[in-house]
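Comments concern the structure below.
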Amino acid sequence: MSWLVVRVRSDVGVEHSIKETMHMLNLTRVNHATIIPQRPQYAGMLQKAKDYITWGEVSAELTQKLLSERGRMVGDKAVTDEIVSEGTEYSDIASFSEAIASGDAVMKDLTDLKRIFRLQPPTGAKGWGGIKRSFVVGGALGARGDAIEALVERMI
């Protein structure tokens, strides 16, 4: 399985180690997202930066939508089936996204693929729902589980 991680808050005035952790996750700006595999090392990083990010398990359908609509190659070119078939062992975006969501592949497998997705702020009346509160109390921060998909759908 893989996690989809979205940066919610800025790093102005943040402790240096937390700022470094967010940079290691490739989350350099607000509303940037990345997909990482579920490993204990990444779980520790997520817990360290939990007051500035939100995350949850990603499905193959959402991964495919992110890659096709928001995925970019070096040079700001869109990701296509041809690029995926030439650069990886997978034949198209759908099979590559299934492998990423299941944890069999990582974003690095496609050379020159930018590992971040630049998203819009969430639309709708709720927006983020409060960027200083945890998700369990109605805010935007921390682990979301499957609810990350509804948030990212509003951001694409």
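The values are calculated or read from the model by the stated rules, or taken from the named source; none is laboratory data. None of the values given here were measured: they were computed from a predicted structure. Using ideal geometry, Cβ is built from the backbone for each residue, glycine included, and neighbour counts are taken over all protein chains shown.
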### Task
Starting from segment 127-143, take each residue that is of a type in the set (V, I, T) and list its partners that are outside any helix (DSSP H, G or I), counting only C-beta distances under 8 angstrom and pairs at least six apart or across chains.
I131/V8; I131/R9; I131/G139; I131/A140; I131/L141; V136/G142
### Task
Considering every residue within segment 87-99, establish whether at least one is in contact with a His (Cβ under 7 Å, 6 or more places away or on another chain) and loosely packed, with under 15 Cβ neighbours inside 10 Å.
no
#### Entry: T111 being over 26 Å from P40 (Cα atoms), exposed (fewer than 15 other Cβ atoms within 10 Å of the Cβ), modelled with pLDDT under 95 and touching a helix residue (DSSP H, G or I) at 6+ places or on another chain (Cβ under 7 Å)
no
## Note on the structure
Taking segment 67-86 and keeping residues more than 20 Å from W3 (Cβ to Cβ), acidic (D, E) and exposed (fewer than 15 other Cβ atoms within 10 Å of the Cβ) leaves D76, E82, E86
### Task
Could you run through segment 117-130 and say how many residues are in contact with a strand residue (DSSP E or B) (Cβ under 7 Å, 6 or more places away or on another chain) and not in a strand (DSSP E or B)?
1
### Message
Residues that are in contact with a strand residue (DSSP E or B) (Cβ under 8 Å, 6 or more places away or on another chain) and at negative phi, at least 3 per element: which helices (runs of 4 or more DSSP H) completely within segment 1-116 meet that?
### Response
60-69, 93-102
### Query
In segment 124-146, what residues are at pLDDT 90 or above and closer than 25 Å to A101 by Cβ?
F135, V136, A140, L141, G142, A143, R144, G145, D146
### Query
Can you find even one residue in segment 114-135 that is β-branched (V, I, T), closer than 17 Å to V8 by Cα, in contact with a helix residue (DSSP H, G or I) (Cβ under 7 Å, 6 or more places away or on another chain) and surrounded by fewer than 17 Cβ atoms within 10 Å (Cβ to Cβ)?
yes
